[in-house]
Amino acid sequence: MRLPADTTIAEDKLTRYLLLPQARGDKSAFLAKAAYTLENADHLLRDLRTQILPLDAMALESNKFGMLYEIRGTLAGPNGVTLAVRTIWMTEHLSGVTRFVTLIPDKRGTR
């Protein structure tokens, strides 16, 4: 199944979480390998929307907030380096809005 094209990807999720070095669960160093940085967060936003969101999503589980989905794929960064990623998305039960939740390095590669 495909998630809606108008799925929400909050810029804050990228600039205050994924691209900002964290003490635990840091993803910024992984993303920096493909030249994704705070300075070009808009590039990561565009690439998530064009390279990952159109791929097939697999339902994971439902919780009290919504239905969680996973999309695995590759991101070709600004420098041409390709990263295998696992992304998590949620369709909220109450609003029906689908949102980007997180990105994780995919140690298994792509399907």
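None of the figures in this text is laboratory data; all of them are computed from the coordinates on show. Just so we're clear, the structure is a prediction, and the values are computed from it rather than from any experiment. Please note: Cβ atoms are built from the backbone with ideal geometry, for glycine as well, and neighbour counts cover all protein chains shown.
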Would you call residue 8 polar (S, T, N, Q) and touching a residue at least 60 places away in the same chain (Cβ under 8 Å)? yes
Screening 107, 64, 27 for residues that are surrounded by 13 or more Cβ atoms within 10 Å (Cβ to Cβ) and either in contact with a Gly (Cβ under 6 Å, 6 or more places away or on another chain) or more than 17 Å from residue 1 (Cβ to Cβ) (or both) leaves only 27
Go through the range 30-58 residue by residue and tally those that are surrounded by fewer than 13 Cβ atoms within 10 Å (Cβ to Cβ) and in contact with a strand residue (DSSP E or B) (Cβ under 6 Å, 6 or more places away or on another chain). 1
Take the range 61-73 and flag every residue that is more than 21 Å from residue 35 (Cβ to Cβ), of a type outside the set (Asp, Glu) and in a strand (DSSP E or B). 62, 66, 67, 68, 69, 71, 72
Cβ pairs under 7 Å, 6+ apart or interchain, first in the range 49-78 and in contact (Cβ under 8 Å) with a residue 12 or more places away in the chain, second surrounded by fewer than 13 Cβ atoms within 10 Å (Cβ to Cβ) and basic (Lys, Arg), ordered by first then second residue, are 54/2; 56/2; 57/2; 72/111
Per-region count, the range 74-111, residues within 23 Å of residue 62 (Cα to Cα) and in a strand (DSSP E or B): 16
State the number of residues belonging to the range 30-60 that are assigned to a helix (DSSP H, G or I) and of a type in the set (A, V, I, L, M, F, W, C). 9
For the range 81-100, which residues satisfy the criterion of being without any contact (Cβ under 8 Å) to a residue 24 or more places away in the chain and either touching a Leu at 6+ places or on another chain (Cβ under 8 Å) or closer than 14 Å to residue 36 by Cα (or both)? 86
Can you find a residue that is of a type in the set (D, E, K, R), free of Cβ contacts under 8 Å to residues at least 60 places away in the same chain and assigned to a helix (DSSP H, G or I) anywhere in the range 13-29? yes
